[in-house]
Structure formats: structure tokens, C-alpha cells
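Visitor: The structure's right below; bear with me while I get my questions together.
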Amino acid sequence: MKTIFFLLLVFVAAPLALAQQYKWVDRDGKVRYGDVPPPGVNATRMKPPAQGSASAPAAAAKKDAGKPLTPEQAFRKRQEDAAKERETQAKSDQEAQLKRENCERAQTALRTLESGQRISRTDAKGERVFLDEAQVAQETARARQTVSQWCG
């Protein structure tokens, strides 16, 4: 019940926070702020709050580059840095996994070529063609180069 009341209060108060603000000097010489200035005073209209644009935080970050960060800004920066680090780590892990798989395939192909078995390929007509010794030697050299590329 308290949560519903709190949410209702937030929704009612939110438009008031976005209301136009004024600044004026009262009879005692004190600066006052409010959404409705009293009649007969020289009130200055305050700049309205910035609308939530995507470029505003970036521009503010560039403008405040020399200033120390608030705790909230420091927290957000740490969160962004951690997200970038996780993304970089995930990409690195994916590349390492791909390299391991390619290494295993290349080693399997090299073992097959070095096994002494007859090696065959399928030609363009769909017929099986056996490789001669020179072709096997050429494929073995290519497989060794692939192994050194992926496993080295």
C-alpha cells in the first residue's frame, strides 16, 4: 500500500518539477525562486531543464572533463567500463574458441593425409577421384601450413 502511495505521489509531483521557474529579488534584497513570481516584482525566467537527449550527456562529459566526477557519474563510468570490458572479453573468448576449432580441424586433416591411406576427392561430375603421390604431398604441405597458422 505504501508503494502505491509513493508511486502516486511521484506521478503527481513529476510535472511540478518540470514547471517553469522564476528568480526574483524580494523587498528585503533576498533572492527568491519559484514557479509563480509575486505581482509587481521584476522576475527573471530561468532556463527550463534540458530534455533527455542522447547527446547531452556526452557534451556535458566533454565540458566537465577537468572536474572531479560525482559518485553517481563515477558509478556510471565504472559500469560502462565494465560493460565494455565484458564485451571485449566475450569477443576475445569467441575468437579463441574459433581458433581452437580451426586448429583441431587442420590437425585432423594433416593426420589423415599422413596416415598413408588412399585419399579421394569428389570431382565436378560427382565422381570419386583418388589423389596420386604428388597431389597428396601438395595437400600435406598445405595442411602443415594451415596447422602452423591456426595452432602456432
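Quick note: the coordinates plus some simple rules give every number you see, no bench work behind them. All of these numbers come straight from a predicted model, not from anything done at the bench. Glycine gets a Cβ as well: all are built from the backbone with ideal geometry, and neighbour counts include every protein chain shown.
Visitor: For Leu131, Leu98, which order do you get if you count the other beta carbons within 10 Å of each Cβ and list the fewest first?
Guide: Least crowded to most crowded, the residues run Leu98, Leu131.
Visitor: What is the order of Val31, Val41, fewest Cβ neighbours within 10 Å to most? All intermediate terms of the calculation are to be shown ahead of the outcome.
Guide: On the way: Val31 8, Val41 12.
The fewest-first ordering by Cβ neighbours comes to Val31, Val41.
Visitor: Rank the residues Tyr22, Tyr33 as a footprinting-exposure proxy: fewest other Cβ atoms within 10 Å of their Cβ go first.
Guide: Ascending Cβ contact count within 10 Å gives the list Tyr33, Tyr22.
Visitor: Between Leu131 and Ile119, what length comes free when the chain is fully extended (0.36 nm per residue of separation minus the Cα-Cα distance, one decimal in nm)?
Guide: The Leu131-Ile119 span can extend by a further 3.7 nm.
Visitor: Go ahead and run the numbers for FRET between Gln138 and Gln94, Cβ-Cβ distance against an R0 of 30 Å, rounding to 0.05.
Guide: With a Förster radius of 30 Å, E is 0.35.
Visitor: Right, here's the next one. Kindly state, as a whole number, the per residue volume in cubic angstrom of the convex hull around the alpha carbon atoms of region 98-152.
Guide: In region 98-152, the Cα convex hull volume per residue is 85 Å³.
Visitor: Please get the size of the charge dipole for region 98-152, origin at its Cα centre, with Cβ charges of +1 on Lys and Arg and -1 on Asp and Glu, quoted in debye to the nearest 20.
Guide: So the dipole magnitude of region 98-152 works out to roughly 200 debye.
Visitor: Counting only other residues whose beta carbon sits under 15 Å from that of Trp24, what net charge do I get with K and R as +1, D and E as -1?
Guide: Spelling it out: positives minus negatives among the neighbours equals +2.
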